[in-house]
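Below is one structure, written out as structure tokens; the observations come after it.
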Amino acid sequence: MIWLENAGITVDKLKKGIAKHRDYIFTFLANPAVPPTNNDSEKALRPAKTKLKVSGCFRSEEGAGNYATVASVIQTAIKNGQNPFEVLQVIATLSQA
């Protein structure tokens, strides 16, 4: 419990937070299809964080938005078992029409 104290969280506050959000926190217990961690989400964010560490920053909001859009399309294609390059090609072709 020392880590709670160091974070400025009391046990009572932790109990209240868990009670308030228990339907969401423990969904994985009632539904086996729901993973108990957010590891997939963290993995999906890792390439963006690496890009940020390497370049230091995005040069514009538009550039950051474009990167996020393309990264999202690529990750979605991979999760759906599609070739991300083919998906991007289809999108590029449609946007030219």
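What the table below lists for this structure:
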quantity: Matching option when the condition is among the hydroxyl-bearing types (S, T, Y), surrounded by 11 or more Cβ atoms within 10 Å (Cβ to Cβ) and within 30 Å of K15 (Cβ to Cβ), among T37, T69, T27, T76; calculated: T27
quantity: Conditions (1) at pLDDT below 80; (2) among the aliphatic types (A, V, I, L, M); (3) not in a loop (DSSP other than H, G, I, E, B): number failed by I9; calculated: (3)
quantity: Those helices (runs of 4 or more DSSP H) lying entirely in region 16-97 with at least 3 residues at pLDDT 90 or above; calculated: 61-79, 84-96
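Yes/no matrix, rows are residues, columns are (1) free of Cβ contacts under 8 Å to residues at least 12 places away in the same chain; (2) in contact with a His (Cβ under 8 Å, 6 or more places away or on another chain); (3) on the phi < 0 side of the Ramachandran plot:
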residue: T50; (1), (2), (3): yes, no, yes
residue: G56; (1), (2), (3): yes, no, no
residue: E61; (1), (2), (3): yes, no, yes
residue: A64; (1), (2), (3): yes, no, yes
residue: Q82; (1), (2), (3): yes, no, yes
residue: V87; (1), (2), (3): no, no, yes
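The values are calculated or read from the model by the stated rules, or taken from the named source; none is laboratory data. Predicted model, so just to flag it, every value in this text is computed and none were measured. So basically every Cβ, Gly included, is an ideal-geometry build from the backbone, and we count neighbours across all protein chains shown.
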